[in-house]
Amino acid sequence: MGDSMMEVKDESLGRRHPAKMFRSILGKRDIAVILITIILLSSALGYIYFFGEVRVKHGLVGIVRIEGPILTSSTAEEYVNLINEAIENDSIKAVVLLIDSPGGYADLIEEIYLDLLVLSKKKPLVAMATMALSGGYYIAVAAKYIIVHPTSYIGNIGVIGIEPPILIPSEMILETGAYKVTGFSRLLFPFNLSRALDNFVSAVMKGREGRLKLSQTELRRGKIYLGVEAVKNGLADGIGSLQNATSIAAEMAGLTSYRVVDVTLQRGQRSTSNTTSSLFRSEWSWKDLTIEKIRSLHPVPSIYYLYLPPTAFTGNFSGVKEGKPIMPPSNGTVIVDMSHGNKISWLNLNVLASELVKKGVNLRFITEWADLKEALPNATCLIIASPTSFYSSEEVDQIGRFVEAGGLLLLFYDPAYEYIDISRLFAPINSLASRFGLLYASGYLYDEKRNFGMYRNIYITDFKNDSLTWNLKSIVMFTATHIYSKNNGLAWTSPDTFSSTAEKTGRYAVIASTKIGSGRVIAFGDLTFLSEPYCYVEDNYKLIVNLANLILSVKAANLTLEGKEKPAIGKPNLPVGTEKNYSEWVDGQKHLVRWSKISKYKVKVERLNQTSIYFFDNKGGLYGLETSRGSIIYKPPIPAPPFPLTVGKSWNYRSIYIVMINVTNEEYNGSIRGSRIVEDLVYVLAGNNKSYFSAKIRAEDVESLIMDGKNITVVSSGFIWISSEVGVVKQEVNMKYYVDGRFIREVSKRLLLLSISKGKS
């Protein structure tokens, strides 16, 4: 039969059209015979096609529009009424569901879905989805056939839940049971969400049976697919338009002649109720929805099949995890820093505090840094959790000195947005943690294979032998991040755990520890596990007990030098062959700097694009430097610091210099004047995790150079920290450039010692 046996397909929809295929199978003679038969028997038998009897039908294809978020019962009621009208109107033979919705409140979505299932059993139901996300897609899978545009947004299968509050009881208002007010257990609420997700996934699996190419695990990730991807993965059936959708619906109903009627618009025209008018002019703009807005619509706890724009999660959240500390100060030796906008309260630390109180120790919350600095020398432990402002160099130095002398520093960070300032790209806690060789990662960890109720509640079963992890077999962390360090991990996730930012599995450290001098720093990637009821899951309480015992084992660092004579800083002893490495930041760009003493009076400094040789006289004064580009001679030399250095010691200098440019053999004249004063003697934490007792020197320089008739001026100000053990430990300086008195630019430089290897004396 040749070509007559070929199947004819509509490539845009991936379906065979029965009428076209029918014509391709029959030859012209067969068709003629059938036409004659139709003419002869039409009056008695109707229309006869091929082997069976099919009546020609005329009717309506109704369009029901589902638009916007479904967050109120009045909105859901209108959609249910539309569906009922489509069911009861005998003239409507098939229905096209036009969906442009991100979903909504779970109960309302399920109500609409179940009514649509009733409709689909009575009449053919086709969905045309421009946006069907979360609950919008839940509604779509009630249809037998789903059409999408190439760039439609489809999927986002998942649940958003707002957990129940903590009950603060009243003696005037009484309730009859522990959950009468809250409704749910906070601890078990993730499992409630998982059951809701099970319902959603089950509806998708049932509605897309035989066509779905995604596993349940992939469905549960909540990904959004473009229309073409949705078709490829079996979430939709084909690419097309509203016309294609109505055509398919009519074909499924066996209609040869039909008219399209918009049930939504017709009902809106007939109704004069405010409810209906609000349906088409929704007071809820999906793009403007926030967690706070949806919280105002339904009492917590609440569950949503809803896709929200990412900005919805960045507003202020009045959840129970936030709050000001109300624990009164005590004379305890454990200090909790509240001076940096720390998002932690007594609720978070209540269980740990109870373990300490049993042994005669209290926690002291301090809200001002000056008070904390005064209390720190006599403390045994400092707790810093979820700060929202950065720690200054002086504050880091003070904390480093505390740890170096034997103090215990506990760092807690939680990536949940209740605990962070999302406007910052760099977590403020890293301004402190990084100085101890630890760095908190961005994003969160999750495990789709094994978790406590939901994918972000991860089990930890891999521990290093340590007093902190003694007798632990399994703990659970709730929305945790991991910690970068150099072989300092104490507890790790399973290799199947994902990082949300890396988007790959790995064995991630969620607890890390490092020793600094006589003290210790321990970093935790979660904060929730400390508080009730989460502390009673698995071995979480054992971990808190171990932590309390560790705190009790620490003796007061007794770091204060107030009222005592501070030792002076002597001249550094740096023999020939001494080599130092520094990290240098220039306007935030980090580079390595190598410093080496190559002879008694010469020092070589190697930077990224330049090597310089510095020349000193027998008093340590700088009289010249040389690079590949040119050289500078100072007359008189810039003097060395007048060792020994004590608080208040100051000195000034002036010098004229000559700059010689190698390429042009030109010389330029300049001058420099500077002042120095020792402001304090402090411990400074270097990049090698060692603290050095140093002179903190305020430095001011003004440098002028005449070049090509222009007066170039550089004004520098900052601090230099010098130790008798290693020389310069740290340097911070801002440099402002002027040409003929006009400001041109400002450069910020920072230098920090990484390592030192001394030569032989």
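Fully extended, how many nm does the chain gain between Thr367 and Asn662 (0.36 nm per residue separation, minus their Cα-Cα distance)? Contour length minus the Cα-Cα distance gives 100.4 nm.
Fewest neighbouring Cβ atoms within 10 Å first, the residues Met477, Met131, Met660, Met454 line up as Met660, Met454, Met131, Met477.
Qualifying trypsin sites (Lys or Arg not before Pro) in region 679-761, where qualification requires a DSSP coil assignment and no more than 14 other C-beta atoms within 10 Å, comprise Lys760. Ranked by the mean number of other Cβ atoms within 10 Å per residue, highest first, peptides 593-601, 605-613, 242-250 order as 242-250, 593-601, 605-613. Pairs of C-alpha atoms in region 178-256 farther apart than 20 Å represent 54 percent of all such pairs. Using only Cα coordinates, the Kirkwood hydrodynamic radius of region 327-392 works out to 12.1 Å. Placing R0 at 25 angstrom, the Cβ-Cβ distance between Lys358 and Lys515 gives a FRET efficiency of 0.35 after rounding to 0.05. Using the Cβ-Cβ distance between Lys223 and Thr461 with R0 set to 25 Å, the FRET efficiency from 1/(1 + (r/R0)^6) comes to roughly 0.30. Measuring from centroid to centroid over Cα atoms, what is the spacing of region 479-544 and region 434-477 in Å? Cα centroid of region 479-544 versus Cα centroid of region 434-477: 4 Å apart. Whole-Hz Karplus values for region 502-509 come out as 6, 6, 8, 7, x, 9, 9, 7 Hz, taken residue by residue from phi with 6.51 cos²θ - 1.76 cosθ + 1.60 and θ = phi - 60°; glycine and proline positions read x.
For region 579-757, the fraction of C-alpha pairs more than 19 angstrom apart is 64%. Under the criterion of Cα pairs below 8 Å and six or more residues apart, the relative contact order for region 579-757 equals 17 percent.
Take the Cα of Glu746, go 7 Å toward its beta carbon, and none of the backbone nitrogen atoms of region 665-686 fall under 18 Å from that spot.
Just so you know, the averaged projected area of the alpha carbon convex hull for region 334-552 sits at 11.1 nm².
Close amide H contacts of Thr256 (hydrogens built in the peptide plane, cut-off under 5 Å, sequence separation of 5 or more or a different chain): Lys57. Residues whose amide H comes within less than 5 Å of that of His482, counting only those at least five positions distant or on another chain, are Ala441 (H built at 1.01 Å from N in the peptide plane). Shown here for region 347-453: GluC sites (Glu not before Pro) in loop regions (DSSP other than H, G, I, E, B) with at most 13 other Cβ atoms within 10 Å, namely Glu368. When Ser628, Ser485 are arranged by Cβ crowding within 10 Å, least crowded first, meaning fewest neighbours, the order is Ser628, Ser485. Each of Ile638, Ile63 was scored by other Cβ atoms within 10 Å of its Cβ. Arranged with the fewest first, they read Ile638, Ile63.
Based on Cα contacts under 8 Å between residues 6+ apart, region 334-552 shows a relative contact order of 23 percent. Placing dummy labels 7 Å off each Cα toward the beta-carbon, the span from Val739 to Asp262 is 6.4 nm.
Read-outs throughout are calculated quantities, based only on the coordinates presented, and are distinct from any laboratory measurement. None of the values given here were measured: they were computed from a predicted structure. As a convention, Cβ positions derive from the backbone with ideal geometry for all residues, glycine included, and neighbour counts pool all protein chains shown.
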